[in-house]
Amino acid sequence: SKNMNVVKSTLGENKDIISESVGGVKGFVISTVRPFTQLYDENKRCNGIRQKEKIFKQALRNEWKDMGLDPKEIKNRLKKTSGGISFEEFVFLQKGNKDRSKFMSTAFYVLAFPKVWPYMFMFNKENILPSQFQNNQYWGETKLEALSRVRSHIVLRSIMNLECKAHTPSFSLNPFNGKARERKMNQYNSIINGIRDTLLTNPSPEYMMEKLENNFFLQNKPKGGIVNLVELPSVFTSGLARAIIGKSNFVSNLVPNFLQRSNLVNHIQQITRCDEFLANQAVDISSLSGPILVDTCNDRFISTLGSSEEEMRRKLNTWLQLSAILPARRTKKTREYFNANLARAALLGFHALDSVRHQPMASTLPRLIMQSNSNTLSKENML
C-alpha cells in the first residue's frame, strides 16, 4: 500500500509538471502570435480607412477637373489634402502607417543585418519595434503616472546638463578653438536666462511664441539643417526625444544625438500632420474626449494627469492656434517662411516645463522644486 501511494504521488507530480509545461508553451505561443494577429487586424482596418479617403479624393479630383485646373496642380493639392474620415480614424491610420513602417524596417534589419539587429534593438527599441510588440509594464502606477514621472525626471536632468555645459568647457581635440567654446557657453547662458525668466514669470505659450517669433518666421527659405533642428543644442533634442518615448535609463542615454534628433523630427512631423488635419477639416475640439483627447495631448506634452477634459481642450486649442492656424494666416499675407519644426519643438519644451510644475503630477519631489510660487524661489534669490 505504501508503494502504491508513492506511485500515485509520483504520477500526480508528473501530471502537474506536464500541465505546467503545456500551459507555459501555450502561453508562449499565444503571446508570440497575438502581436502578429493584432497587427494584421489593424492593417485591415487601415485599408478600409484608406479606401474611404481614396473615394473622397477622387470626388475632389473630379470637381477640380471640372473647374479646369491643371492636372499637376490637382496632384499637388491632393498630396496636401486629407478628408472623408474622422479625426479618430486619421489618428488610427497614422499609427498604423507608423507600425507598418517599423515592422518592415525591423524585418529588413533582422534578415539583412542579423549581427547589427541586436544593437539596434538594445539602443533604439522603442523607435523600431511596432507598438503591438512592446510590452510596457508599470509597477504600482498607471501609464499616465509613469509617463508624468519619467518626463519630469528628464526635464530636470536636461536642465542640469544645460547648466553644466554653460559653466564647463566641452572637450575638444582642437586646442585653438577657445573662442568657439566660449561662444557656445555664452549661448547656453542666454538659454538659461530665458528658462529662468519662464520659471519666474510663468508666461503663457502665446507670450513665449511672440518672444521667439523672429526665430520661427523667416524672410528667406531656411536651409535643411535649420528645418531638421541641427542647430538646436543636443541637450534639448536628446531630452525631448527621451520624453517622447517616456524612457530614461542607461541605454537611452547612450543613443547618439543624430538618432535622437531624427526621432524628434519624425515625432514633430507626425503631430504636424494631425494639426493640419484638425485645422483644415475644422474639427470641433470640444467634440474630442476620452482616450483620443488624452493621447493627442500627451503627444504634445500637454498635462493630462489630473487635468479636466475642458482644460486639455483649451490647451490643445491654443496649441493649434499657435502652431497651425495663425502661422498659416500670417505667411499667406507676408509670404514669410514658417519653421514649423522649430516652433513645435519650442512648444514641446514649454509644455514639458509646464507639466513638471503641474500640481497633480505623479513625481512629487520635482514638482516641489519647480513650483514657481515657492517661498524660496524668488527672483531676488535667483539673482
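The values are calculated or read from the model by the stated rules, or taken from the named source; none is laboratory data. These figures come from a predicted structure and were not determined experimentally. Cβ coordinates were reconstructed from backbone atoms using ideal geometry, including for glycine residues, and neighbour counts include every protein chain displayed. Please note that ligands, DNA and RNA were not included when accessible areas were found on the heavy atoms of the full protein model with its side chains. Shrake-Rupley method; radii C 1.70, N 1.55, O 1.52, S 1.80 Å.
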FRET efficiency for residue 38 and residue 193 from the Cβ-Cβ distance with R0 = 51 Å, rounded to 0.05, comes out at 0.55
Within the stretch 24-161, what whole-number % of the accessible surface is contributed by carbon and sulfur, with the 1.4 Å probe and all protein chains included in the calculation?
60 percent
The extension gain from residue 318 to residue 285, computed as 0.36 nm times the residue separation minus the Cα-Cα distance, is 10.8 nm
In whole angstrom, how far apart do the alpha carbon centroids of the stretch 44-66 and the stretch 112-156 sit?
36 Å
On a 1.4 Å probe surface of the protein chains, which of 55, 325 comes out largest in accessible area, and what is the full order?
55, 325
Any chance you could list the semi-axes, whole Å, largest first, of the equivalent ellipsoid that the Cα gyration tensor gives for the stretch 67-124, using √(5λ)?
37, 16, 7
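For the stretch 257-345, which trypsin sites (Lys or Arg not before Pro) are in a loop by DSSP, counting at most 11 other Cβ atoms within 10 Å? Please report the intermediate quantities before stating the final value.
On the way: sites: 261, 273, 300, 313, 314, 315, 329, 330, 332, 333, 335, 344; in loops: 300, 335.
Sites meeting the loop and neighbour criteria: 335.
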Could you list which residues have their amide H under 5 Å from that of residue 357, counting only those 5 or more apart in sequence or on another chain, with H placed in the peptide plane?
none
Efficiency of FRET between residue 111 and residue 273 - r from beta-carbon atoms, R0 30 angstrom, step 0.05:
0.50
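So for 334, 106, what's the accessible-area order with a 1.4 Å probe, most first?
Numbers: 334 70, 106 20 Å².
Reading off the accessible areas and sorting them downward yields 334, 106.
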For the stretch 104-116, Karplus couplings with θ = phi - 60° (6.51, -1.76, 1.60), whole Hz, Gly/Pro x:
5, 5, 5, 4, 5, 5, 5, 7, 8, 10, x, 7, 7
